[in-house]
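The structure appears right after this line, and notes come after that.
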Amino acid sequence: MNIKKINIGYFLIFTTLFGILTIISFIMAFAKDEGTIENNIIWNLFADLFNIFRFPVHNLFWDKMNGSLYFIGLIINSMFYGLIFERILSLIKKIK
């Protein structure tokens with residue numbers, strides 16, 4: 001089995017994209033908890049997506065998440081999703 005190297009460019013693009021989506025969903029989840037979010041389908045969707053964007057680090061190590069570790073966990077999650085999507089793109093390119 002031939003495993004190719006990670007394409008750093010795609011990895012950074014996907015990580016940045018997921019980081020931005022995580023920040024938006026975090027803000028919308030906070031607004032929903034405070035009751036200040038309007039009855040808008042898109043904002044409520046982003047608020048609900050925060051449960052997905054905080055997976056897997058926050059679900060596995062919830063007892064350790066406090067202070068700055070919470071945000072470091074979000075960065076690790078964004079990098080995790082960036083890696084997964086980079087590998088999926090690499091696999092699709094290999095198949096084609």
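Residues in the range 76-96 that are touching a helix residue (DSSP H, G or I) at 6+ places or on another chain (Cβ under 7 Å) and of a type outside the set (Gly, Ala, Ser): 76, 77, 79, 81, 83, 85, 86, 89. Taken together, the criteria place residue 81 among residues that are surrounded by 12 or more Cβ atoms within 10 Å (Cβ to Cβ) and in contact (Cβ under 8 Å) with a residue 60 or more places away in the chain.
Per the listing 92, 75, the residue uniquely at pLDDT 90 or above, closer than 21 Å to residue 13 by Cβ and surrounded by 12 or more Cβ atoms within 10 Å (Cβ to Cβ) is 75.
The rows are residues; the columns are (1) touching a Phe, Trp or Tyr at 6+ places or on another chain (Cβ under 6 Å); (2) more than 21 Å from residue 80 (Cβ to Cβ); (3) surrounded by fewer than 13 Cβ atoms within 10 Å (Cβ to Cβ).
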position: 9; (1), (2), (3): no, no, yes
position: 29; (1), (2), (3): yes, no, no
position: 38; (1), (2), (3): no, yes, yes
position: 44; (1), (2), (3): no, yes, no
position: 49; (1), (2), (3): no, no, no
position: 56; (1), (2), (3): no, no, yes
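None of 20, 6, 42, 37 is touching a residue at least 12 places away in the same chain (Cβ under 8 Å) and of a type in the set (Val, Ile, Thr) except 6.
The values are calculated or read from the model by the stated rules, or taken from the named source; none is laboratory data. Source: prediction; values computed, not measured. As a convention, Cβ positions derive from the backbone with ideal geometry for all residues, glycine included, and neighbour counts pool all protein chains shown.
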